[in-house]
Amino acid sequence: MVTNHPKCIIQSYLQCLQDSNYNPICEICTKGLSEGECIRLTCYHVFHWECAESRYRALPRTTAPAGYQCPSCATPVFPPPNLVSPVADVLREKLAGVNWARAGLGLPLLSDDQDMKGAAG
């Protein structure tokens, strides 16, 4: 279900109740979420994958896993290992494709070729 609706904005319903002019945008680049591939964090905030990937890739390699946080609410990006949910499963799968995230997930690093493939999509 989650994989079929990667751009559904659960968070937006709450915003819509508060603001009838709410427009779902990526808070990193401020462009509409309908443009480009998106990723949903376990806090249910949604961002363009390219924006999130660039943001987190730019952090120092020495950044602790807790340093990777949602730009909107500061919830950790990495789902707790004991969290069982479709959102967490899809997020873990996407994050497993890039080295900066594999370290935070406790996975071995990929070769540079594999890491670039994951970053591209």
Look through SER34, SER54, SER12 and report the one residue that is assigned to a loop (DSSP other than H, G, I, E, B) and either at negative phi or modelled with pLDDT of 90 or more (or both). SER34
In this structure, is CYS29 at pLDDT 95 or above, in a loop (DSSP other than H, G, I, E, B) and surrounded by 15 or more Cβ atoms within 10 Å (Cβ to Cβ)? yes
Within region 68-101, how many residues are assigned to a helix (DSSP H, G or I) and more than 25 Å from THR30 (Cβ to Cβ)? 6
Restricting attention to region 53-99, and to residues there that are of a type in the set (Lys, Arg) and within 10 Å of the chain's Cα centre (by Cα), which single residue is nearest to SER111 (Cα to Cα)? LYS94
Could you say whether any residue in region 100-114 is modelled with pLDDT under 95 and touching a His at 6+ places or on another chain (Cβ under 8 Å)? no
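The values are calculated or read from the model by the stated rules, or taken from the named source; none is laboratory data. Note that the coordinates shown come from a computational prediction; the quantities given were computed from them, not determined experimentally. Ideal geometry is used to build each Cβ from the backbone, glycine not excepted, and the neighbour counts take in all protein chains shown.
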